[in-house]
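**Q** Structure provided below as structure tokens; questions to follow.
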Amino acid sequence: MQKELQDIIAQIQNSGIPSELQDRWAKQLKHLEKQAERTEFKLNRLGQEKQSLSAFLKESLEVIEEKKANIEQANQELLQANTRLQIAEEELRQNAEELKIINESLELKIAERIKEIERQKAIIEEKNENITSSINYALNIQKVIFPDIREIKSVFKDAFVFFKPRDIVSGDFYWFYQKEHIIILAAIDCTGHGVPGAFMSMIANEFLYQIVHEKRIYTPDRILNTLHRKIRKALKQEQTNHQDGMDMALVKINTKTRKMYFAGAKNPLIYMQEEEMHLIKGDRFPVGGGVKEEERRFALHEIDIEKPTTFYLFSDGYQDQFGGPKGKKFMTPTFRALLHKIHQQPCALQERKLKNIFEVWTKDYEQIDDILVLGLKI
Amino acid sequence: MITAKNIHTTTPENITALIDECISEGFSPTLALVFTSVIYDLDVISKPLEAKNIQTVGVTTSGEIQDSEVHEDSISIMLLDIDPTHFKVTLLERNEESAFINSQNLAKQALATFEKPVLLLFSSGVRIDGQEVVEGIKSITENKVDFYGGLAGDNLQMQNTYVFTNEKKSDNAILGIIFNEGKISVKGVSTSGWEAVGTEKRITKSEGNVVYSIDNEPALQVFSKYFGLGDIQENDVAAVIGVRFPLQLMRADGTSVLRAPLVGNKEDGSLVFAGTVPEGSMVKFSTEPDFEVIEKTIEQVADFKETQMQDADALLVVSCAARKLSFGPMVEDEIQGVQNTWNAPLIGFFAYGEIGSLKNGTCDFHNETISLIVIKEK
């Protein structure tokens, strides 16, 4: 381009045109050449831009098409998934329908069952009521065999009976006999509690009556020996595996000789003299049940009661009761210590303390056995 | 007032005579800003300046700018008559340390030299990460010191770029002029024009300024595919991609900066950018601006003059090599427009990266911008 321009300028210079005009034309030509150069550049750049932007658009469109295809495929998959979901939904709806029917049928069955249960409940409640009523009546019968505390108090300086059956009727009971200068007193703990215990207590009471009132056997060891034989015989324990029997502590007091005699089947006698606690253990076997020997020889213990004496007969219910902060048994040592602590107090107060302490101890726990504690002052 | 005079030559041997010509007019320069093509022996350029006791700040280019003209394969020198106590020239070579540490050291020197410094800095090194250079300065000055400058060029050969002084030259160093801001005002503005195009893409693998993959495809292949560029030679990356399709790097704060690739690696498909491109960041392609953007640049510069710097003793332009290629002969219109705004001596060069601030922004590393720096003695 520059050479062409130089050639043209040379031609102008050689043409004989006035130099002023030549200069103006040359300047104009140079300007035109500059403009042409710029235009050429712009055209080239635009051409390049067109080319690259076409490529860019083409590629972008391809990418967009690819993305579109991906989206369409994803859409198709979504549609398929949606169809599957609809089918699943329909299945779920049918299942729900079936479940509803099953549920309704179950509800009907449940309603019937509830009705049946309520009917049975009513029967049971009625039976329970009858049974409770029967047991309450049995209690009346049992009460008849229990000695009147006033009777006991009349022969002792002071006395209390803390008696707390676990159920309505009790397997624990106390027995009292007095004729002239002879007093016999026993605390008996028959196997079990409730109705079975009460049955045993009736049997024991009857046999003790026969032994003491009819046969006039007053010596404690002999009373227990005889009672053992009678129980064994009555319950046919030599032939069967029948285990029922009773633990008991029995004393005879001769007010004339100021002597007290004790025999125990597993249960001990505790007595206090001059603030000192004495313990005479019972024999290690019960009356009836357990060991199958025909004869059982209970030991006889003699206690001098010249000095003022407070003594206690009891079942194992109090010390075996669970309670306290750690839910443990009250325990025998604690029970004995308690008796020692309160023995000098009036019997009514002792009874109240035993009762209060028991209630505090068993606060969050159920009573597990019948409770019987007899306290007497001679 | 600083007196500035420009000399331009394509014959280094003429430099002494040209300086003498200036000095004979009663002008006594102390500092020379030298922007030269890499084709010249740099010692031949600096020696005559040293002989005249003028401190040289030399940078190789991808085109030289002087007043309103753009040159290639030439030497442009601005001689400045500034009180030598108002500035300090320092060249810090990178030995083992990173560009970050290297520029930190420059910043420390600046703070140690003047109470309130302002920096002009130029870096050599084709693979240098301009962002690291900027971050190193910022880490020391905490945005309290303004700094402007750019990365040296080598006519888009992407082989070796240099900075030099009277004493040293280096292809891996940072060269700074530390001005006393109390005496000399140095302010700048940068503007671009490249527009984002297409959808956002993710940098899926990168290390510093080396990008390995975009959307999981080799980076070089992505550009080639999108713009139909075919087989790109490694050293043509700057000219083919960097100029025309730089990346808009979206930053977390919503702003964006341009990042131009300079060289490529066909083996692993990676591209070395002029600045950091973090892995995981989002980018868009850009396309070249319309020629009308030149008018906008001139308007923006006029606005800068109006609001920031009404008078100028000297003007320095660091324009991206991309602008020269993209605007072709019209790039002179842009330079001319800038110079006409103040009508002061102007010098500059086409660079591989610019350091300056976009309108209302802080100093940052850019590509594809024209960065104008205005110098005025207070």
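**Q** Using the count of nearby Cβ atoms within 10 Å as a rough guide to exposure, how do A:Cys190, A:Cys347 rank from fewest to most?
**A** By the 10 Å Cβ count, ascending: A:Cys347, A:Cys190.
**Q** Nothing charged except the Cβ atoms of Lys and Arg (+1) and of Asp and Glu (-1): what's the magnitude of the dipole of the stretch A:1-148 about its Cα centre? Round to the nearest 20 debye. Could you put the intermediate results ahead of the total?
**A** Numbers: 22 positive and 28 negative charges, 163 e Å.
It comes to approximately 780 debye.
**Q** Just to compare against my own numbers: the Cα pair-distance distribution for the stretch A:87-228, 5 Å bins, whole % per bin, please.
**A** So the P(r) values, bin by bin, are 2, 8, 13, 13, 12, 9, 6, 4, 4, 4, 4, 4, 4, 3, 3, 3, 2, 1, 1, 0, 0.
**Q** Write down the Kirkwood hydrodynamic radius of the stretch A:1-145, to one decimal in angstroms, obtained as one divided by the mean of 1/r over all alpha carbon pairs.
**A** Values: mean 1/r = 0.0366 Å⁻¹.
One over the average 1/r among Cα pairs gives 27.4 Å for the stretch A:1-145.
**Q** In the calculated pair distance distribution of the protein assembly as shown, what percentage of Cα-Cα distances lie above 37 Å? Kindly include the intermediate steps, with their values, before the conclusion.
**A** Details: 179682 of 285390 pairs.
Of all Cα-Cα distances in the protein assembly as shown, 63 percent exceed 37 Å.
**Q** Moving to a separate point now. Note down, for the stretch A:210-325, the three equivalent ellipsoid semi-axes (square root of 5 times each alpha carbon gyration tensor eigenvalue), biggest first, whole angstrom.
**A** 27, 21, 10
**Q** Further question on the same structure: Take B:Ile101 and A:Gln239, extend 7 Å from each Cα along the Cα→Cβ direction, and tell me the distance between the two endpoints in nm.
**A** 11.3 nm
**Q** Moving on. Working only with C-alpha atoms, what are the Rg and Dmax values of the stretch A:147-377, expressed in angstrom?
**A** Just the Cα atoms of the stretch A:147-377 yield Rg and Dmax of 17.0, 50 Å.
**Q** With θ set to phi - 60° and the Karplus curve 6.51 cos²θ - 1.76 cosθ + 1.60, what are the ³J(HN,Hα) couplings of the stretch B:49-63 in order, to the nearest whole Hz, using x for Gly and Pro?
**A** After applying 6.51 cos²θ - 1.76 cosθ + 1.60, I find 5, 4, 4, 8, 6, 10, 6, 9, 10, x, 9, 7, 9, 10, x Hz.
**Q** Chain B: percent of C-alpha pairs farther apart than 35 Å?
**A** Details: 13359 of 71253 pairs.
That fraction is 19 percent.
**Q** Please list the three semi-axes, largest first and in whole Å, of the ellipsoid equivalent to the stretch B:94-176, using sqrt of 5 times the eigenvalues of its alpha carbon gyration tensor. Kindly include the intermediate steps, with their values, before the conclusion.
**A** Working: eigenvalues 97, 34, 26 Å².
Values for the stretch B:94-176, descending: 22, 13, 11 Å.
**Q** Please state the charge dipole magnitude for the stretch A:156-230, taken about the Cα centre, from unit charges on C-beta atoms (+1 on K and R, -1 on D and E), reported in debye and rounded to the nearest 20.
**A** Numbers: 9 positive and 8 negative charges, 38 e Å.
Here the stretch A:156-230 has a charge dipole of around 180 debye.
**Q** Also, I was wondering about something else. Apply the Debye scattering formula to the stretch B:222-338, with a single equal point scatterer on each alpha-carbon and no solvent, then give log10 I(q)/I(0) at q = 0.09 Å⁻¹.
**A** -0.32
**Q** Okay, moving on. To the nearest 0.05, how large is the calculated FRET efficiency for B:Thr362 and B:Ser28 if R₀ is 51 Å and r is the Cβ-Cβ distance? All intermediate terms of the calculation are to be shown ahead of the outcome.
**A** Working: r = 37 Å, r/R0 = 0.72.
Given R0 = 51 Å and the Cβ-Cβ separation, E is 0.90.
**Q** Percent of alpha carbon pairs in the stretch B:181-244 separated by more than 14 Å? Spell out each step's value before the answer.
**A** Working: 1423 of 2016 pairs.
That fraction is 71 percent.
**Q** Calculate one ³J(HN,Hα) per residue across the stretch B:2-14 by plugging θ = phi - 60° into the Karplus curve 6.51 cos²θ - 1.76 cosθ + 1.60, and present them in order as whole Hz with x for glycine and proline.
**A** 7, 9, 10, 9, 9, 10, 9, 7, 10, 10, x, 5, 7
**Q** Which of the peptides B:62-68, B:274-280 is most tightly packed, and how do the rest follow, going by the mean number of other Cβ atoms within 10 Å of each residue?
**A** On the way: B:62-68: 23.6, B:274-280: 20.4.
Highest mean packing first, the order is B:62-68, B:274-280.
**Q** Okay, next question. Cα atoms only, the stretch B:19-139: Rg and Dmax in Å?
**A** According to the Cα coordinates of the stretch B:19-139, Rg and Dmax are 15.9, 46 Å.
**Q** Assuming a viscosity of 1.306 mPa s and a temperature of 10 °C, what translational diffusion coefficient in µm² per second does Stokes-Einstein assign to the stretch B:195-287, Rh being the Kirkwood radius over Cα pairs? Could you put the intermediate results ahead of the total?
**A** On the way: Rh = 12.7 Å.
Estimated diffusion coefficient is 125 µm²/s.
**Q** Along Cα→Cβ, 7 Å out, is where each label goes; now give me the distance between the ones at B:Asn143 and A:Phe41 in nm to one decimal.
**A** The two pseudo-label positions are separated by 3.8 nm.
**Q** When B:Cys22, B:Cys363 are ordered from fewest to most other Cβ atoms inside 10 Å of their Cβ, what list results? Don't skip to the end; give the middle numbers.
**A** On the way: B:Cys22 19, B:Cys363 22.
By the 10 Å Cβ count, ascending: B:Cys22, B:Cys363.
**Q** Could you derive backbone 3J(HN,Hα) for the stretch A:92-109 from the dihedral phi with the Karplus parameters 6.51, -1.76 and 1.60 (θ = phi - 60°), listing whole Hz in sequence and x where the residue is Gly or Pro?
**A** 4, 5, 5, 4, 4, 4, 4, 4, 4, 5, 4, 4, 4, 4, 5, 4, 4, 4
**Q** Can you give the extra length, in nm with one decimal, that the chain gains between A:Arg113 and A:Lys58 once fully stretched, where that is 0.36 nm per residue apart less the Cα-Cα distance?
**A** Stretched fully, the A:Arg113-A:Lys58 segment lengthens by 12.1 nm.
**Q** In straight Cα distance, which aspartates and glutamates are under 15 Å from A:Lys58, not counting same-chain residues fewer than 8 positions off?
**A** A:Glu49, A:Glu66
**Q** Treat every Asp and Glu Cβ in the stretch B:195-287 as -1 and every Lys and Arg Cβ as +1, leave all other atoms uncharged, and give the resulting dipole magnitude about the Cα centre to the nearest 20 debye. Intermediate results must be reported in sequence, preceding the final value.
**A** Numbers: 9 positive and 12 negative charges, 48 e Å.
In total the dipole reaches around 240 debye.
**Q** Please give every one of the aspartates and glutamates within straight-line cross-link reach of A:Lys143, meaning a C-alpha to C-alpha distance under 17 Å, and leave out same-chain neighbours fewer than 8 residues apart.
**A** Correct list for A:Lys143: A:Glu151, A:Asp167, A:Asp172, A:Asp189, A:Glu206, A:Asp370.
**Q** Amide H to amide H under 5 Å from B:Thr204: which residues, 5+ apart in sequence or cross-chain, H placed 1.01 Å off N in plane?
**A** B:Ser213, B:Ile214, B:Asp215, B:Asn216, B:Gly280
**Q** What list do you get for B:Ser326, A:Ser60, A:Ser170 if you sort them by fewest beta carbons within 10 Å? It would help to have the intermediate numbers written out before the result.
**A** Working: B:Ser326 21, A:Ser60 16, A:Ser170 26.
Sorted ascending by nearby Cβ count, the order is A:Ser60, B:Ser326, A:Ser170.
Bear in mind that the values in this text are calculations on the coordinates, not laboratory data. Computed from a predicted structure; not experimentally measured. Note that each Cβ is placed from the backbone with ideal geometry, even for glycine, and that neighbours are counted across all protein chains shown.
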